[in-house]
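Peer 1: My questions will all concern the structure given below.
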Amino acid sequence: MKHKILVTGASGAFGSLASIQLAENGHQVVGTMRSISGKNETIANELKSKGVSLVEMDVTNEKSVDEGVKSAIELLDGLDTVFNNAGIGANGILETFTAEDIQKVFDVNVFGVQRLLRAVLPHFRRQGKGTIIHTSSCIGRITTPFLAAYSASKYALESLAEGYRAELSGFGIESCIIEPGGMPTAFMGAMLKPSDSVRAQQYGDMAYAPDASLNGYVQYLESNPMQRPDRIAEAVTELVKLPFGKKPFRTVVDFAGLKEPIENYNNVLKQTTQQMYAANGIENLLELNQN
C-alpha cells in the first residue's frame, strides 16, 4: 500500500534520508523545513529531484504549522502518515542553561509536536485512520551528563506520545516512536549551547567537559560504520510498510551498545503500562480501533 506522508525536519539527516527513501518506495511525500532557500537550498533541490514535494514550516509558529499542514494535504490530496521528526539538541552543564535556553529546546521538541498534531489530527479523525511516527532518542527516558536539557524534552515527547496513543486509539489513529542512538550528523554540531558563561566559570575545569565529551562521542560514532542516519530512514520505511495496527509502539535503532538495554527498559515499561491500565479498567485504550 502506498501512503501520503508528511515529514517534518526534512532538511536534517534523518528527515531528508527518510523522505528520499519513502519516495523511492513509491510513497507520496511532503517534507517540511523552515526555509527552502539559503543554507537549505542544496538539500531542498536534492529532495525535489527525488520526487519529494516541499513546504516551508516553522514548528515554533502555530500559523506556519497550520498553513504548512494545509498545503501538504492539498499537495498530497490527503494525508495518512506523519513522521514527526523536527528537533534540536542541547549540550552543556544543566545549571548554565537559562530558563529561556531550555524553553528554546522545548519549543521545537515538545510544543512543536503539539502544534503539529493539533493541525493534523482533525483530518485524521475525520477519515477515521492515521499513523503518527515520532523521533525520540535512546536517551529519551535515560539521562546522561550534559545532555539533560535535551533528554528532558524527549522525556516530555515520550509522555505526549503515550497520551496520544491512548486517547486516539478509538479513532483508528496509531502512534509509534523511533528511538535512535547518537548518529554522526550535523545535528551533533548544531546543538544549543547554554548562554550563562558566568555561571559556567563556577564549575572550574568541568566547564570544558561537555564539549570534550561530545567530541569524543562523535569520534566513537564515526568509527562505527553501522551507526549512520541511513538506519533511521530504513526503520521508518519498514514501519510504514507494516500493516496498519501491527506496528510496534517503540523501535530502537542503535548499533553502538544501547539497543539491548533500551529494549529491556521498553519491555518493562510495556508490561507496567499494561498492568496500570488494567488496574484502572482502561486496557481497551491500548487497543487500536481498526474498523
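What follows is calculated from the coordinates using simple rules that are stated; it is not laboratory data. Since we're looking at a predicted model, the values are computed, not measured. Note that we place each Cβ from the backbone using ideal geometry, even for glycine, and neighbour counts take in every protein chain shown.
Peer 1: Region 187-226: Rg/Rh from Cα coordinates, Kirkwood Rh? Mind showing how you got there, number by number?
Peer 2: Working: Rg = 12.8 Å, Rh = 11.7 Å.
The Rg/Rh ratio comes out at 1.09.
Peer 1: To the nearest 10 degrees, how steeply does helix 209-222 sit against the main Cα axis of the chain, on a 0 to 90 scale?
Peer 2: Orientation of helix 209-222: about 50 degrees from the principal axis.
Peer 1: Please list, ordered by chain and number, the residues whose modelled amide H lies under 5 Å from the amide H of Val253; skip anything fewer than 5 residues away on the same chain.
Peer 2: Residues meeting the amide H criterion: Glu179, Gly181.
Peer 1: Can you show me the helix-derived [θ] at 222 nm for the chain, built from DSSP H runs with n ≥ 4 at -39,500 (n - 2.57) apiece and divided by the number of residues, rounded to the nearest 500.
Peer 2: Mean residue ellipticity at 222 nm (helix-derived): -15500 deg cm²/dmol.
Peer 1: Using only the Cα atoms of region 155-291, what are the Rg and Dmax in Å?
Peer 2: Expressed in Å, the Cα Rg and Dmax of region 155-291 come to 19.3, 61.
Peer 1: So how long is each side of region 1-106 along the principal axes, counting just the alpha-carbon atoms, biggest first, in Å?
Peer 2: 48, 28, 25
Peer 1: Sticking with this one: Can you tell me how region 223-291 classifies by the Cα gyration tensor, rounded, prolate or oblate, using a/c under 1.5 as the rounded cut?
Peer 2: On the way: a/c = 5.70, a/b = 1.59, b/c = 3.58.
Here region 223-291 falls in the oblate category.
Peer 1: Using bins 5 angstrom wide from zero, how does P(r) for region 99-213 break down, in % of all Cα pairs?
Peer 2: 2, 10, 17, 21, 16, 12, 9, 6, 3, 2, 1, 0
Peer 1: Same structure, new question: In a GNM of the chain with a 10 Å cut-off on Cα contacts, which of Ile232, Ile102, Ile178 has the highest mean-square fluctuation?
Peer 2: Ile102
Peer 1: Kindly express, to the nearest 10 degrees and within the range 0 to 90, the angle between helix 230-241's C-alpha long axis and the longest C-alpha principal axis of the chain.
Peer 2: That works out to roughly 20 degrees.
Peer 1: Going by how many other beta carbons lie within 10 Å of each one, how would you line up Tyr203, Tyr217, fewest first?
Peer 2: By the 10 Å Cβ count, ascending: Tyr203, Tyr217.
Peer 1: What are the lysines whose alpha-carbon lies under 23 Å from the alpha-carbon of Lys104, with same-chain residues fewer than 8 places away excluded?
Peer 2: Straight-distance partners of Lys104: Lys39, Lys63, Lys154, Lys193.
Peer 1: Roughly what percent of Cα-Cα pairs across the chain reach past 22 Å?
Peer 2: Roughly 59 percent, rounded to a whole number.
Peer 1: Could you tell me how many degrees, from 0 to 90 and to the nearest 10, lie between the Cα long axis of helix 148-168 and the main elongation axis, the longest principal axis, of the Cα atoms of the chain?
Peer 2: Relative to the chain, helix 148-168 is tipped by roughly 10 degrees.
Peer 1: Rank these for me by crowding, Ile36, Ile5, Ile262, going from fewest to most other beta carbons within 10 Å.
Peer 2: Lowest count first: Ile36, Ile262, Ile5.
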